[in-house]
Every structure is written in structure tokens, then in C-alpha cells.
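Computed from the coordinates by the stated procedures, all read-outs in this text should not be read as laboratory data. Remember, predicted model here, so these are calculated numbers, not experimental data.
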Amino acid sequence: MLKFALVGCGRIAKRHSELLGHKQIKGAELVAVCDIVEEKALKIGKQFGVPHYRDMDEMMEKEPVDVAVVLTESGLHAEHVINLAKHGRHIMVEKPMALTLDSADAMIQACDRNNIKLFVIKQNRFNVPVVKLREAVEAGRFGKLVMGTVRVRWSRDQAYYDQDPWRGTWEMDGGVLSNQASHHVDMLEWMMGDVESVFAKSMTALVDIETEDTAVVLLKFRNGALGIVEATTA
């Protein structure tokens, strides 16, 4: 039985704690939770009968954790993964992995140094239609792929961004491409292959935030195919 601990008890932790706390994933269980806001950690800890902590290092030292799951703000992912890596336990981190390439590289290097695995949560790869599509691509059912497109047309009004001061900031959240479109970009690259070049235009259309809420991206893949990403929360 793999023992999981949550680092960060915000909105997304509700789903993770339910899956692990109710043992809906075979061979996995929740053993501890942590958040610097003690009330948040206490709430989930009491709900599932596991210890709660304000300090992740204390939790990792005291609890029999096999996998730490980082669910904090996107801008803190790198700091928290690098810190947790020293404990020598495997790590899962919510999307986006990081907000800069340098941060992502530093996370990988920290985990390599400590001989542990780092897994970025991309659960949509396991959706049945996506799995079937991937199998069809690998089997060559579509012949030579020449273009792939993904579209994200969601709505996030000002009230959504006003829920927390970090939302819509470059430092802690990122814009529509790194946040809402993260899974779609992953799907496109998984189906089409590695990207060779990128050209993009973006804007902040309808809300008062630092980052973009609308973007169009043109990709060229290494296999010669082209790709388009349309993303907006406006």
C-alpha cells in the first residue's frame, strides 16, 4: 500500500483527499496533510482521520510517506518540490509543473540527485477516449499527421480571480496557457510529438489581471506537422 501525503490543502486538495482518503485508488491511502493555513489542513485531516501539519518537513520526518503530492500555488511548485526532494520520497505535482523552464529543470535535477521519481499530474491522459486516440495514432490509423488543433473556450470572470490574491499573477499563477490550457497543450504534444518552434500572440481581454486571458499559438513539430492552440477564459 503506497502512503500519500498532501502538501497544500486548497481547492484542488478536495479531489485528491477524497480519492485517497476514501481509498478509491487501489493500493493507495492518505496518511497526512499539510498547509501553512492550519485551519485548511485541520479540516481535511479531521475528515479522513489523518494527522495534519503546518510544516512539510516535520510531516515528512514524522509520517511514513511514500509519495508527497504538491498541491500549492503554481508559483510555489518548484520551491516545494526541491525542498521535499531532500527527504528521498517520490513526488507528484499538480499542473502546471512550473511557471518557468529554469524552475522545471531545477525540479528535475533535485529529484535526480535524490534518486526519486517526479510525476506531473496529467490525468486526462488516462481518459478512455484519449487512450483510444493515442492507440489509434500509434497504430498509424490516421496516416501521416500534418496538423493538430486544441481549443479552450472557457469563462473565468473577475470574481474567479478575486478569490485569491495570487490568481492571474505572473509570479504565482500564470495565464490561460499555463493554467487552463495546460492539459490541452499536453494532449496536443502527446499526439503530435515534440515541438520545434513556437509563435504566439496573447492579450488580456476582459478581466483585470497581470497575465493573459486569451492566446493563439502556432506550433511547428519536429516531424514537420503544424499545430494550433486557441485558448481563452474571456
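Separation of region 54-126 from region 146-216 is 22 Å, based on Cα centroids.
Averaging 1/r over each pair of different alpha-carbon atoms in region 2-121 and inverting the result gives 14.0 Å, the Kirkwood hydrodynamic radius.
Here the sum of -39500 (n - 2.57) over DSSP H runs of 4 or more residues, divided by the residues of the chain, equals -9000 deg cm²/dmol at 222 nm, to the nearest 500. Computed as a quarter of the hull surface, the mean projected area of the alpha carbon convex hull for the chain stands at 13.7 nm². For region 164-217, the Cα gyration tensor yields ellipsoid semi-axes of 23, 13, 9 Å (square root of five times each eigenvalue, largest first, whole Å). Put simply, region 132-232 fits an ellipsoid with semi-axes of 30, 13, 10 Å; these come from the alpha carbon gyration tensor as the roots of five times its eigenvalues, largest first.
Under Stokes-Einstein, with the Kirkwood radius over Cα pairs as Rh, the value for region 73-115 at 10 °C and 1.306 mPa s is 157 µm²/s.
Relative contact order, whole percent, for region 2-121 stands at 23, derived from Cα pairs under 8 Å and 6 or more residues apart.
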